[in-house]
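All of the numbers you see were taken from the coordinates with simple rules; none came from a lab. Just so it is clear, the model here is predicted, and its values are computed rather than measured. Positions of Cβ are generated from backbone atoms using ideal geometry, with glycine treated the same way; all protein chains shown enter the neighbour counts.
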Amino acid sequence: MDFETIKAAFVAFVRANQDYAPFVVGLLTFGESLAFLSLLLPATAILVTVGFLLTTMDIPFWHVWLGAAVGAGAGDWVSFAIGQRFKTAAYGVWPLSRNPHLITRGEHFFLRFGPWAVFIGRFFGPARAVIPLVAGIFLMPPVLFQLANWASSFVWAFLLLAPGAGLMELLSR
């Protein structure tokens, strides 16, 4: 199954089940932010497409935005907890075990930027999959991690959904 088929199926599901859109988008962003699943689930393009569809489906933007942000923040929180619990043993789990360059780059990025790496990393696909895990492994203070995590999840969700929703709102006038 190719990406376009997955995207079309997801968008069709959201259209058919508009009341559940915030929850479905939240599950998608949770998977997109979870350490191991993120490398397999390219949800960014799907979220941009959903942003375009919000106006045409009469789904409130803020509901879907909140669902997306909470899903993303929760996914990173779980990844952070996995890093705290399993330390570097987590690196041996597929797909990270097959992509050691991501681990090395994630560690260097985290060591260079510290807490800002959690915020900035959210906006870069491969980093999004590794940075929270690395933050947990390196025992970043949980309060500092959560501040960067939740702030970035709300900004990230807005930046993915708002351009499409705003443009469609403008065009529909």
* Asked: Which one of the conditions (1) over 16 Å from the mean Cα position of the chain (by Cα); (2) surrounded by fewer than 18 Cβ atoms within 10 Å (Cβ to Cβ) does PHE110 fail to meet, given that it meets all the rest?
  -> (2)
* Asked: Is the range 37-46 home to any residue that is among the hydrophobic types (A, V, I, L, M, F, W, C), assigned to a helix (DSSP H, G or I) and touching a residue at least 60 places away in the same chain (Cβ under 8 Å)?
  -> no
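Right, PHE80: assigned to a helix (DSSP H, G or I) and either out of contact with any Pro (no Cβ under 8 Å at 6 or more places or on another chain) or surrounded by fewer than 15 Cβ atoms within 10 Å (Cβ to Cβ) (or both) or not? So that I can check it myself, show each step before the final result.
Values: assigned to a helix (DSSP H, G or I): yes; either out of contact with any Pro (no Cβ under 8 Å at 6 or more places or on another chain) or surrounded by fewer than 15 Cβ atoms within 10 Å (Cβ to Cβ) (or both): no.
Criteria not met by PHE80.
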* Filtered residues of the range 87-107 (kept if surrounded by 14 or more Cβ atoms within 10 Å (Cβ to Cβ) and without any contact (Cβ under 8 Å) to a residue 40 or more places away in the chain) -> TYR91, ILE103, ARG105, GLY106, GLU107
* Asked: Quick check: anything in the range 115-130 surrounded by fewer than 19 Cβ atoms within 10 Å (Cβ to Cβ) and β-branched (Val, Ile, Thr)?
  -> yes
* Kindly provide the set of residues from the range 25-36 that are crowded, with 19+ Cβ neighbours inside 10 Å and either assigned to a helix (DSSP H, G or I) or in contact with a His (Cβ under 6 Å, 6 or more places away or on another chain) (or both), ordered by number. => VAL25, GLY26, LEU28, THR29, PHE30, GLU32, SER33
